[in-house]
Amino acid sequence: MGKKTTVSPMVKEALSNLFARPATSKYPFVKAEVPEGFRGKQVYDISLCISCGLCSRDCPAKAIEMVEVDAKRRPLFHLDLCIFCYQCAESCPRNAIKSSALFELASIDKSNLVVHPQASAQKGSGVQQ
Amino acid sequence: MVLDLWFIFRVLVFPGFTFLLSLTMFCDWVERKIEARMQNRVGPKFTGPAGILQPFADFLKLLTKEDIVPRGAKSTVFKLAPIVAFSIVVFALSFLPIDGAAVISNSSFAGDLIVIMALLTIANFLLFLSGWASANPYGTIGAARVLTQFLGYDIPLFLLALAPAFLAGSLSIAAIAASQYLPFVLLAPWAFVLFIVALQAELEKDPFDIPHAESEVVGGLETEYCGRKLAFLHLTRDVQIVFGAALVVELFLGGPYGPVFFGFPAFWYSLWFVLKLLAVIIISEYLTCLFARLRIDQVLSANWKMLLPLSVLSLALTIALVTWVYPLVV
Amino acid sequence: MHFNSGACNGCDIEVVALLTPRYDVERFGIKLEPSPRHADVLLTTGAVTRQCTERLKRIYEQMPEPKFVVAIGACACSGGVFKGNYNVMDGVDKVIPVNAYIPGCPPKPEAIIDGVVKLLNSLKEAKTNGGK
Amino acid sequence: MGGSLQIQPAHLGKASIQVKAESNRDALKLLVEADKNAGIIALTGVDLGAQIGLLYHIRTNGAVITLKSEVPKESPRIPTITDIIPGALFHEREAADLFGVVFEGHPNPARIVLPEDWSENLYPLRKDAKIDNATVKCESSKSKPEPVPPQSDGSLVNIIIGPQHPALLEPEKFSVKVNGEIVKQVEPRIGYVHRGVEKAAEQRTYLQDVYLVERICGICNSCHATCFVEAVEKILGTQVPPRAKYIRTIILELNRLHSHLLLLGHAGLEIGYETLFQYMWRDREPIMDVTELLTGNRVISSAIAVGGVRRDIRESDVPKIKAVLADLKKKMALYRQLYTNERTLKMRTQNVGTLSKEDAVKLCVVGPVARGSGVNIDVRKEEPYEAYGEIPFKLITYNTGDSWARFMVRIDEIDESISIIDYALDHLPAGPFRVRAPRVVAAGEAVNRVEAPRGELFYYVKSNGTAYPERVKVRTPTYANLPAFLKTAEGGNIADVPANFVSLDPCFSCTDR
């Protein structure tokens, strides 16, 4: 290209952007949209669960602990370990585990980062109503 | 007594310390905002209206942070250099006529252009010292780069500054600014363009921001600094940028002078000054966005092979014009 | 300030993406600083490998007070899929104190912003409750 | 398949030959003489009980030949091959680290992936290695000063880049010896991201391993998953339905798109061109959105499973994807102009880190780095996997071999990727997208290659008839390209190191595993 270079296209681009609308989304003030099928926080439906423990067995991150709830073994999701692959949902023979669009899971307390079978059962039924 | 109060007001509030500091913060905000917008971003937005207080908030935050002097650092120099550098730049800035007169009235004298150029160099040297004193390899390399670069670019910068001096027939900034019935940018546009380029290098902005090349030297000379001292280093840099832009305004854009519509001329002069200043800062920021960073050897060869001969040429051309052509026109 | 203590790059690129036009955290006055001395918040990603442990501690020590640490992603929170491997420490909080956890693999950039906002809110609360 | 270990034509273009440890070098020499472009892909160690098997995977004439030797576990010694194939330097050091094999005559047998303070005589990938996590962790949590290397060495000054450094998004350390501004020698210290994935893969089921290997690298995640899954499918003999092949291809190409955009933007950051970085990453976001749309996560797709893909492409999404691609194609014109016309950018990248074609072959580099030096290798062409055999696309090469050429290769490849995805979307076959795969995999072994954004990705999987693999070996493209960086950095300017380095698109989470 030698000495004679054409003008860099940046000259125009930068100037036009100065007056263009920024590409910035208005997140935290406008909710971020999440496409269908997003792998977010688990929703667990206790009424479908048959306590087989397949989810826990197949979890690659060992994030699912089976806990005793009303004398039955139920999955407890450790969100701090969860890699949101949804193998658990795939392994579940009864589709008791579904994903949600919830992704704002941050917490300043690590012990908050669990989806307890009972709590999420209520929440799950709440969504259904 | 009235005179003394007036004097103190001028030094501390307007157009002195407080005004200059707020101006610096404001310019820093403009710079960040313009850069963000050119990059299709929003930039600071939530601190104060449209994020205008962001630089101020950053400054305050740094003041409250823990102050660490690293082991192995040359403690006295490490502590003093940033503050002294800061005061020198502010001192230099106060020589510039802002509302029609310099901060301290009647302090301008015949050779003050040379003095403030020297002050700029000293400030850069102090910045070098501050990096060198931090005993961190990145700090030292960054500092060495500052030194190499300003040593190289000081000469063309000074040569170019002489062009308006010749046009005005004076080495006093106030006189140069005052003599521009027609801004010198129109009389010597080549010198203006070259001056901006040299200034870009002197102020270490893209494509000459070698001392700030994060990917090579981390934080450059600031690497080991934190808290209050970092705040002052940042501020020094920002004041330097304002100073550089102000120099352009004084030398090429007719200084603070412009049409006075009503009321105090001082008000209008300050307004014109700030507007022109912003124009220069926007141009400089625009240039920053256009280019990739050059390598230190490319920067130096660009200086010695291109800028220096060109600035000598520009000076010669200006002198020739002043001597033979303009007398015929004016 | 961002430090990768043995992550898969998934979270790291999301952290860098925060600076770019879509998320532009400079809106909130947040900038990525190159030197730990300039940083207020340390964003850590990755499960902390043994080789990184020393360096992570040192960076934490170099940061001036007040300082905060955010663990980004499952690995940084508690080791994630790598938990129990021979060369990882299972999470940042095993090495340095952590102020906020952001789970996800990797978390969306929005989730990281949300995490930082939650951290800031908790600081405000601590202040009104007579803290520092 | 399976059966005799002597010579087994596992599948097309791949063979393995059993050789005695003593005659290993002779066999290699024969291969190198037969094809002077022959290079080593990987060196896999396998614990065979009383023996340690060493598998030299050699690439010759577009095929992969595996030389198998065995050394006794009691005293595992074997002569080095680094004098025959210099590209084997790192591979041998790694095998020494993880299996305790002594390579006689290796020029620099230092640790490479394990930390310096790792216990002697503890080789994590041996099956009988007893790693007490508690003591290991306790040991390294004790504070100790980092060793301070000498600042200078005669006329040479030693500069340490990393492990935490803005030029490196990942923690790695390079000792750069400089004379003034000229680099004399670069000595890397990798292993900061070594998470022991290969060991972990042996402790998890095939089902879980797909997610594990995906997380080796967040950028080329689906390439890792695909490569692993294909190797398993080869052992199983699974026929993947055509629709799954096309969907995989789309996801792989999306991966390449986002990886290349990421790199080109990051390069802007390295050479101080922040505006370019911001624009590139802005235009990368829609690609992330598409990935999220198709797979449910922006970065890690988790879409690929043994036997197919986990999700189908919704018909309603196809126009959205096409719109994004068309938009990107328009934007790429600007970047191409920028890379070919912008002077400062060219000043920083042209004639930086030039790698000649001969050196590229000798050092066994792969991917865009090799293609930037005029070597036309691409696994997608050499050994078409998924739907690549049916989709027309060009193989991009540039001849200058400098950083600029490597960037240009990627810019052109982005355009190719866009048209590949377009084609695949248009020709998406109907039918199922997944077939059931068993959890237990019959005994066997397979090698597999995939063209990741950074180059050839190599997997070796050995199964023992259970649900857990016996051995998973990963050779990532950066591993092969790193020697090229060391070579090209020498004699260059220290300020060029970042630009040169980033043009290789280094990924250490891949390298260290």
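With N denoting the number of residues in region D:393-456, provide Rg(C-alpha) divided by 2.2 N^0.38 Å, to two decimal places.
Numbers: Rg = 17.9 Å, N = 64, 2.2 N^0.38 = 10.7 Å.
Expressed relative to 2.2 N^0.38 Å, the Cα Rg reads 1.67.
Please compute the average number of Cβ atoms from other chains found within 10 Å of each residue's Cβ in peptide C:64-72.
Numbers: counts 10, 7, 4, 2, 1, 0, 2, 3, 1.
For peptide C:64-72, the averaged partner shielding equals 3.
Report, please, the projected area of region A:36-128 averaged over directions, based on the convex hull of its C-alpha atoms, in nm². Can you show the working numbers first?
Values: hull surface 23.1 nm².
Over every viewing direction, the Cα hull of region A:36-128 projects on average to 5.8 nm².
Dipole size in debye (nearest 20) for region C:2-128 around its Cα centre, Lys and Arg Cβ +1, Asp and Glu Cβ -1?
Details: 15 positive and 14 negative charges, 33 e Å.
Rounded to the nearest 20 debye, it is 160 debye.
Shielding of A:74-81 by partners, i.e. mean partner chain Cβ atoms within 10 Å per residue?
Mean partner-chain Cβ count within 10 Å for A:74-81: 5.
Each label point is 7 Å from the Cα along the Cα-to-Cβ direction; what then is the distance between the points at B:Ala266 and D:Asp312, in nm?
Placing both labels 7 Å beyond Cα along the Cβ direction yields 8.0 nm.
Classify region D:197-512 from the C-alpha gyration tensor, please: rounded if a/c falls under 1.5, else prolate or oblate depending on whether a/b exceeds b/c. All intermediate terms of the calculation are to be shown ahead of the outcome.
Details: a/c = 2.05, a/b = 1.38, b/c = 1.49.
It is oblate, given that a/c is not under 1.5 and a/b is not larger than b/c.
Return the loop-located GluC sites (Glu not before Pro) in region A:26-101 (DSSP other than H, G, I, E, B) with at most 16 other Cβ atoms within 10 Å of their own Cβ; answer none if there are none. It would help to have the intermediate numbers written out before the result.
On the way: sites: A:Glu33, A:Glu36, A:Glu65, A:Glu68, A:Glu90; in loops: A:Glu33, A:Glu36.
Hits after loop and neighbour filter: A:Glu33, A:Glu36.
Test of understanding: ordering C:Leu18, B:Leu321 by Cβ neighbours within 10 Å, fewest first, what list do you get?
Working: C:Leu18 21, B:Leu321 17.
Sorted ascending by nearby Cβ count, the order is B:Leu321, C:Leu18.
Would you mind finding the longest exposed-site-free stretch of chain D, with exposed GluC sites (Glu not before Pro) meaning DSSP loop and at most 12 other Cβ atoms within 10 Å?
Working: sites that count: D:Glu74, D:Glu116, D:Glu120.
For GluC sites (Glu not before Pro) (loop position, at most 12 other Cβ atoms within 10 Å), the longest site-free span of chain D is D:121-513.
Looking at region C:32-132, which chymotrypsin sites (Phe, Trp or Tyr not before Pro) are DSSP coil and have at most 15 other C-beta atoms within 10 Å of their C-beta? Intermediate values should be presented prior to the final figure.
On the way: sites: C:Tyr60, C:Phe68, C:Phe82, C:Tyr86, C:Tyr101; in loops: C:Tyr86.
In loop regions of region C:32-132 (DSSP not H, G, I, E or B), there are no sparsely surrounded chymotrypsin sites (Phe, Trp or Tyr not before Pro).
What FRET efficiency would be calculated for the residue pair C:Arg58, A:Ser16, taking the C-beta separation as r and a Förster radius of 45 Å, to the nearest 0.05? Mind showing how you got there, number by number?
On the way: r = 45 Å, r/R0 = 1.00.
Result of the calculation: an efficiency of 0.50.
From the phi angles alone, apply the Karplus equation (6.51, -1.76, 1.60; θ = phi - 60°) to region D:282-289 and give each ³J(HN,Hα) in whole Hz, x where the residue is Gly or Pro.
5, 7, 7, 4, x, 5, 4, 4
Only sites in a loop by DSSP and with at most 16 other Cβ atoms within 10 Å count here; which trypsin sites (Lys or Arg not before Pro) in region D:400-445 make the cut?
Values: sites: D:Arg406, D:Arg410, D:Arg434, D:Arg436, D:Arg439; in loops: D:Arg436, D:Arg439.
When the trypsin sites (Lys or Arg not before Pro) of region D:400-445 are filtered for loop state and at most 16 Cβ neighbours within 10 Å, D:Arg436, D:Arg439 remain.
Per residue of D:203-214, what is the mean number of Cβ atoms on other protein chains within 10 angstrom of that residue's Cβ? Provide the component values of the computation, followed by the final result.
Numbers: counts 2, 5, 3, 0, 7, 9, 1, 3, 11, 7, 1, 7.
Mean inter-chain Cβ contacts per residue within 10 Å come to 5.
Since every read-out is calculated from the coordinates, none of them should be taken as a lab result. From a predicted model like this one, the values you see are computed outputs, not experimental measurements. Positions of Cβ are generated from backbone atoms using ideal geometry, with glycine treated the same way; all protein chains shown enter the neighbour counts.
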